[in-house]
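One structure is given below, encoded as structure tokens.
Read-outs throughout are calculated quantities, based only on the coordinates presented, and are distinct from any laboratory measurement. Since this is a predicted model, take the numbers as computed values, not measurements. Glycine gets a Cβ as well: all are built from the backbone with ideal geometry, and neighbour counts include every protein chain shown.
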Amino acid sequence: MAGMDDVPPEILRAAYQRRHWPLIKIPLYYAMWAGGVAVLYATKDSPWAIPIGLAVCLLITNLVRGLGSIAHDAIHGTVTKNKTLAYLIGLVCWAPSGMSVTIYQNYHLHHHRITNTYPDVDNFVVTDYTRNPFLARALLLVVYTFGYPTYFMFQMFRYIKRLTPARKLRMNLELAGFWGLIGVMGYLMPLQVFLFAFPLAFVFGAVLASVTSMIEHYEMPEGDDAYGSRTYCTRMPLMAWIWNNVPYHVEHHKYPGIPWYNLKSFHEAAYPHYDEKVKANCHGGFFGLVFHLYGRILKFDVDSVETKYQAIDRDAERQKSMTLPGIESAAA
């Protein structure tokens, strides 16, 4: 046995236990967001308004990521087995990202089915766009610094085709509802407050989404989920707390049925049973890992990617993958 297969069953059983009280973080995060907006109102005429605004904006960015982690669990069915309630929780927690939770669910469960293969959206194959070494490295830096949400948005068009007419309608209602609400906020709120509370938070969120996408899957192999992603921030408890343990990504991919609130404790109990290759992909920090991966991008080898995919018909491979269903949700 290898990878994470030696984890004792009693540790796994404990990790799968569900609790409802962690959902209190949903109103807590929204209350913190509202408190941040109140601070923006109270300090909008202060000489410190800009640094205070930036601090509040960074807080909101991280709250949105934390809410997104709960939404992510809702689509996996680990928040509740009630499908309607799971959808509503996912909607409430995912809407602040500006995306449809309906399309995200279809994509994300499929991502788990095809992780790190050529058609996987999270496997950004830069040679699909350029084979010039300089431009390839530049494009990788753009995508993994701030451009991943833009790349992601265009990739979602192929997932829209997988939706039923009813799901397409629901997707559009979700988007219209959230962005309509943002429009109302923009009309009612002072411009300075609105900019820090919403648009600038989306910009910071794009950076965070891009960097964490790089950390989680860049240059990771397909195959056993124990080796297909990275865990990070294990020695940064505040960051792991506010992001609701989404950095424990190896654990999530190997055992997607473990609720977010058990991932940290599972990692700590199971870590001695991981093989050395899995342990090598578990990192205590964040920023050092980011710069290490940027260094790998600067040494990116176009020929190695071309060699990796030279035997496949890229269009056919992508079309074939879209016929595969996503993994089962625990709420199914």
For the chain, radius of gyration divided by Kirkwood radius, i.e. Rg to Rh on alpha-carbons: 0.96
Nearest 0.05, what FRET efficiency do GLU222 and LEU188 give at R0 = 35 Å with Cβ-Cβ as r? 0.15
List the residues of segment 78-107 whose backbone N lies under 13 Å from a point placed 7 Å from the Cα of LEU173 along the Cα-to-Cβ direction. 88, 102
Compactness of segment 34-149 as Cα Rg over 2.2 N^0.38 Å, two decimals: 1.41
Which lysines, if any, have their Cα less than 25 Å from the Cα of LYS83, not counting same-chain residues under 8 positions apart? LYS25, LYS161, LYS168, LYS254
Rounded to a whole number, what is D in µm²/s for segment 194-332 from Stokes-Einstein with the Kirkwood radius over alpha-carbon pairs (37 °C, 0.692 mPa s)? 189 µm²/s
Please build a GNM for the chain, connecting alpha carbons under 10 Å apart, and tell me which residue among LEU173, LEU140, LEU91 fluctuates the most. LEU173
Rounded, prolate or oblate: which fits segment 40-104 when a ≥ b ≥ c are the square roots of the eigenvalues of the alpha-carbon gyration tensor, with rounded for a/c under 1.5 and prolate only if a/b beats b/c? prolate
Rounded to whole angstrom, the alpha-carbon centroid of segment 109-161 lies from that of segment 261-331 at a distance of 13 Å
Which of PHE196, PHE152, PHE291 ends up with the largest GNM mean-square fluctuation for the chain, with Cα atoms connected below 10 Å? PHE291
Mind ordering 26-32, 261-267 by average Cβ neighbours within 10 Å, highest first? 261-267, 26-32
Cβ crowding within 10 Å averaged over residues, with 236-249, 299-312 ranked highest first: 236-249, 299-312
Tensor-based shape of segment 97-187 (alpha-carbon gyration tensor, a/c under 1.5 rounded, otherwise prolate or oblate): oblate
If the only charges are +1 at each Lys and Arg Cβ and -1 at each Asp and Glu Cβ, what is the size of the charge dipole of segment 26-321 around the Cα centre, to the nearest 20 debye? 560 debye
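At 0.890 mPa s and 25 °C, plugging the Kirkwood radius over alpha-carbon pairs of segment 81-143 into Stokes-Einstein gives what diffusion coefficient in µm²/s?
174 µm²/s
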Positive dipole terminus of segment 26-321, leading residue within ILE182, TYR148, VAL290 (C-beta point charges): ILE182
Relative compactness, segment 1-52, computed as alpha-carbon Rg over 2.2 N^0.38 Å: 2.20
